[in-house]
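S.K.: Let me begin by handing over the structure; questions about it come next.
The values are calculated or read from the model by the stated rules, or taken from the named source; none is laboratory data. This structure is a prediction, so every number in the text was calculated from the model and none was measured. Virtual Cβ from ideal backbone geometry, glycine too; neighbours counted across all protein chains shown.
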Amino acid sequence: MTRTIHLSLDINGKRHELDVEPRVTLLDALRESLALTGTKKGCDQGQCGACTCHVDGKRVLSCLTLAAQVEGRQITTIEGIAAENGDLHPVQAAFIENDAFQCGYCTPGQIMSAVACIREGHAGSEEEIREYMSGNLCRCGAYNSIVAAVREAASAVTTGIEAKDKVEVA
Amino acid sequence: MTIMETRKHGDAADGMVGGRFSRLDGKLKTTGGATYALEQPVKNLVHAVLVQSTIAAGRVVAVDAAKAKAAPGVLSVFTPEDDLGLLVASDWFGNRPDNQPFHPLPREVSFNGQAIAAVVAETLEQATEAAKLVKVSYEETQSVTGLDDPDAGEGRLVDMLSVGWGDAEAAYAAADIKIEAEYRTPREYHVPIEPHGLTVKWEGDFLTVWEPSQWTHGMARTYAEWFDIPYENVRIVSPFIGGGFGSKAMGYTYSAVAAAAARKLGRPVKLAVTRPQTFTAYGGRAATRQTIRIGATKDGVLQAIVHRGASETSVFADFPEQTGAATPLLYAVPNLSTQHRLVPVNTVTPGALRAPGKNPSAFGLESAIEELSYAIGMDPLELRLRNYADHDYQSGKPWSTRQLREALTVGAEVFGWSRRSHEPRSMRDGRQLVGWGIGCGTFPVLKAASEALIRILGDGSVEVVSGAIDMGQGTYTILAQTAAEVLGVPAEQVDVKLGDSSLPGATVAGGSMLAGAITGAVHKAATAARDELIGLALNDSNSPFRDTGANTLVIADGRISVPRGEGPSLTLAELMSAIGRDRIETQRNTLPEGANGPEDHKRSWTTMANVQGPTAGDLSMHSWCAHFVEVKVDEDFGTVRVSRVVSAFDCGRIYNPKLAESQWRGGIIMGIGQALLEEGLIDERFGRVINNNMGDYLVPTNADIPHIQVISVGIPDNDASVLGGKGVGEVGIVGVAPAIANAVFHATGKRVRDLPITLEKLI
Ligand code: FES
Ligand code: FES
């Protein structure tokens, strides 16, 4: 029998326990062991961005990350970005409103990238968004609408943050 | 029977159908809730991994699977030694040889990358590892690796594809102005972001297959025939498809392997084709070449087009990528001759990729037309308008609708074409050479019957049920709109169930024909449901409408009431409760009355034998488009950037402009990839696709794509479909690559006739 290791992964604010082989990637752990199939596999080679997740708030390609590497880190997947009450994240809402997808298969990766792209401060102009969203391929060709959605969400998120800051100050 | 006029406008939000609704499946797709084929929670699964051949032609002498079998977790290794007990299934048209065995893991190798073994293990990692341990020894034979292989020859003439009228050779010889050139396109691949694969499960003689499918019913038939079980025993489930572009409309050899393995092992099997394997697990667009000669008068009136084309196919099956498909359609020309040849080479059999035939065909013709415009010294827009075809010269029939003139003039206006200076290299932006080009596109209207079920439920909600699919075109949404319009309820109140072969029959989501076919069926079924509901409301003894004396009722905004407002007004839920019904169900199809038996159903839903071509009736029906492209070329480095695109489309009436625009842009972006990036590279020693991954086979990224302006100039075409639409999905790519090649010529004075236009061809 192949050797397995025990892992505890913190995903979307919940602790998940699993026994997997050490060679299992974060992507396969999510999809095959934890039934978190929102994260997509497009290439398994770090070339398409479909598997993008956040580890400690930064975007990573989960197909190039071993599950064992991310123990003790905060993992966020597409299933974990909407509000607890089910309200969509502004990026999710903007993707729907701008029709920023067709088949939807690249979409979780695009959204996770977009959330990070805005957080990184790389959503200042259309040109910048194009550049910083280019690690996520979309064969359906939703690029124009992705740019529009990220722009829209960036202003929504920024306004949201400002409003929140004010509340906290008050 | 209620007669319902469809609304009139092609492009505006004039009601439910025609409205800019967001996708109904949007929430599922943006939250990770949409589950694709490899994401089904099936218990007790095992994983299969393919082993592909490493030679282009020959024989498998032996497979040494001992090490693989001994590896941890491995359950079985399937090789050419195993008779999987399958039979050859029908082709797309329902033709099938009798009792011919099918060996999906063959002993004879016909191309490099052909599946010859499969390893099944408890986990994906174990199967992947063990697949590497399988040792295959071959007896190699001579192979032909591509169109340019000296042994490939000229190929075989496909008589069916020869088209001609007048005397093209004589007219060409006599013409004042002549141009002649050869145009080439390389192997191109679909590269949907969801790689292919499937999950299969047997329960006795019943087979469930979760597989991305552009055609659940057609694929169910294939599995039933492979395993010699009744069609009804197979269920293909495909609610979401991660992009298909023509590649997910049939079961492939690996599909058969997975299903056979599941049967042998008595456990459900998941088989994921790896990204590199996708390049040979099914065929992309065949490489093509075509020579075009055009003769014209000095003032630009076409006299003759002579076209000679060829595409590669595999050594065991024919798939012609018809280089002459668009040639006879775009212009008025009194003399024409096209011929197409098939050249067998050692490749996987090529397949249908977005606008098969039309796409490379338009690359040739639309490049050649602009070459002619420079030979004459005439603006290429003017040349196109001067040779505008007022009818279909090939069939001799009138067009149903053809707004190509409008597409050209409106597109030119929006693009600012009149500011162009005709001379190559005459426009600049600093160090960048600027070029403008045009490319026109066309795609035929194909018609097929389909079937749909409508349910009005006790709570007033509506269900639309069909085995049709949505791979991103927006079927879920436009069907909700169609039912909502007929039944007078908000689209959000409509639930659409699709993507399951056990549901009512539908034609393939291919040839841009599904939307026209399935909206027709839904419209018919919804109209019948509406009639039934109104009939019950007027006649049921418990209905508050019974004594109103009204002879019909109106349904709007979710309420049913007497026309002109006097009398009761009920929500659908209130009415259903009053008449004591928990559902009204109507199932309708669009087959003709006389051909509506079980055999007709099977033939119509599971084969393409009943699909009608664009000139089956008295008219010639096609979608049309004109692309206007600006490129900027760095003179020193030869890099090409597409900086602006304006495309105008005639696709008839548009059911949902928001979604149609996305499809058009998607086609245009794939066209930009085709023009500048995409090329399957073959190692001539081994016939192997070298760049079989997404880092080396380049598809456009976000940063490659400018804002693309798309415009609808269509008008409803009620001959083309019940609701007046023509095909949307494929026409968008047609004409993009030549528009870019033309713009590059305008910028640089260099004519690139072999795609893609890479920098070494420009410096
Ligand atoms: S699946 Fe990870 S980058 Fe493609
Ligand atoms: S939506 Fe299909 S790949 Fe992006």
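S.K.: Can you tell me which residues in segment B:641-679 are among the β-branched types (Val, Ile, Thr) and closer than 22 Å to B:His190 by Cα?
M.R.: Scanning segment B:641-679 gives B:Val642, B:Ile668, B:Ile669, B:Ile672.
S.K.: With B:Ser643, B:Ser647, B:Ser662 as the choices, which residue is over 20 Å from the mean Cα position of the chain (by Cα) and small (Gly, Ala, Ser)?
M.R.: Answer to the check: B:Ser643.
S.K.: Additional query: Which condition breaks for B:Met219 when tested against (1) touching a residue at least 60 places away in the same chain (Cβ under 8 Å); (2) outside any loop (DSSP other than H, G, I, E, B); (3) more than 30 Å from B:Ala57 (Cβ to Cβ)?
M.R.: (3)
S.K.: Residues that are surrounded by fewer than 17 Cβ atoms within 10 Å (Cβ to Cβ): find the strands (runs of 3 or more DSSP E) completely inside segment B:34-138 holding 2 or more of those.
M.R.: Hits in segment B:34-138: B:58-64.
S.K.: Within segment A:1-50, work out how many residues are within 14 Å of chain B (Cβ to nearest Cβ) and closer than 13 Å to A:Glu79 by Cα.
M.R.: Number of matching residues: 11.
S.K.: Additional query: Which condition breaks for B:Leu723 when tested against (1) surrounded by 20 or more Cβ atoms within 10 Å (Cβ to Cβ); (2) more than 12 Å from chain A (Cβ to nearest Cβ); (3) within 28 Å of B:Ile369 (Cβ to Cβ)?
M.R.: So B:Leu723 meets the others, but not (3).
S.K.: Just to verify a result, which residue in segment B:660-701, among those that are crowded, with 24+ Cβ neighbours inside 10 Å, polar (S, T, N, Q) and touching a Ser or Thr at 6+ places or on another chain (Cβ under 9 Å), is nearest to the other protein chains (Cβ to nearest Cβ)?
M.R.: Ranking the qualifying residues of segment B:660-701, first place goes to B:Ser662.
S.K.: Check B:Ser143 against each of (1) assigned to a strand (DSSP E or B); (2) more than 30 Å from B:Ile672 (Cβ to Cβ); (3) hydroxyl-bearing (Ser, Thr, Tyr) and name the one condition it does not meet.
M.R.: Unmet for B:Ser143, out of (1) assigned to a strand (DSSP E or B); (2) more than 30 Å from B:Ile672 (Cβ to Cβ); (3) hydroxyl-bearing (Ser, Thr, Tyr): (1).
S.K.: Also: Select the strands (runs of 3 or more DSSP E) contained entirely in segment B:402-514, then report the ones holding at least 3 residues which are of a type outside the set (A, V, I, L, M, F, W, C) and over 30 Å from B:Thr606 (Cβ atoms).
M.R.: B:432-444
S.K.: List pairs: first in segment A:124-149 and at positive phi, second near ligand 2 (Cβ under 9 Å from one of its atoms), Cβ under 7 Å, 6+ apart or cross-chain?
M.R.: Taking only residues 6 or more apart or on different chains, the pairs are A:Gly141/B:Gly666.
S.K.: Only one of (1) more than 8 Å from chain B (Cβ to nearest Cβ); (2) touching a Lys or Arg at 6+ places or on another chain (Cβ under 7 Å) is not met by A:Tyr132, so which one is it?
M.R.: Of everything listed in (1) more than 8 Å from chain B (Cβ to nearest Cβ); (2) touching a Lys or Arg at 6+ places or on another chain (Cβ under 7 Å), A:Tyr132 misses just condition (2).
S.K.: Next question. Checking B:Phe102 against (1) in contact with a Phe, Trp or Tyr (Cβ under 9 Å, 6 or more places away or on another chain); (2) at positive phi; (3) not β-branched (Val, Ile, Thr), which test does it fail?
M.R.: So the condition that B:Phe102 fails would be (2).
S.K.: Is it fair to say B:Thr323 is in a strand (DSSP E or B), in contact (Cβ under 8 Å) with a residue 40 or more places away in the chain, touching a His at 6+ places or on another chain (Cβ under 7 Å) and not small (Gly, Ala, Ser)?
M.R.: Criteria not met by B:Thr323.
S.K.: Counting just the residues of segment A:81-99 that are facing another protein chain (nearest Cβ under 9 Å) and under 15 Å from the mean Cα position of the chain (by Cα), which one comes out nearest to B:Trp664 (Cα to Cα)?
M.R.: A:Phe95
S.K.: Considering only segment B:461-504, state which residues are among the polar types (S, T, N, Q), more than 16 Å from B:Gly520 (Cβ to Cβ) and crowded, with 24+ Cβ neighbours inside 10 Å.
M.R.: Across segment B:461-504, the qualifying residues are B:Thr477, B:Ser501.
S.K.: Just one of (1) away from ligand 1 (no atom under 16 Å from the Cβ); (2) in contact with a Lys or Arg (Cβ under 6 Å, 6 or more places away or on another chain); (3) within 14 Å of chain A (Cβ to nearest Cβ) trips up B:Pro195, so point out which.
M.R.: (1)
S.K.: If you check every pair at least six apart or on different chains, which have Cβ atoms under 6 Å apart with a residue in segment B:107-125 that is under 24 Å from B:Asn44 (Cβ atoms) and among the β-branched types (Val, Ile, Thr) first and a residue that is outside any strand (DSSP E or B) and at pLDDT 95 or above second?
M.R.: Note: pairs meeting the criteria are B:Val119/B:Ala68; B:Val119/B:Ala127; B:Val119/B:Ala130; B:Val119/B:Ala131; B:Val120/B:Ala261; B:Thr123/B:Gly73.
S.K.: Restricting segment B:171-209 to residues that are within 20 Å of the chain's Cα centre (by Cα) and at positive phi, which is nearest to ligand 2 (Cβ to nearest atom)?
M.R.: Restricting to residues being within 20 Å of the chain's Cα centre (by Cα) and at positive phi, the top hit is B:Val191.
S.K.: Any idea which of (1) buried (at least 21 other Cβ atoms within 10 Å of the Cβ); (2) farther than 25 Å from B:Gly680 by Cα is the one B:Ser143 doesn't satisfy?
M.R.: Status for B:Ser143: all satisfied but (2).
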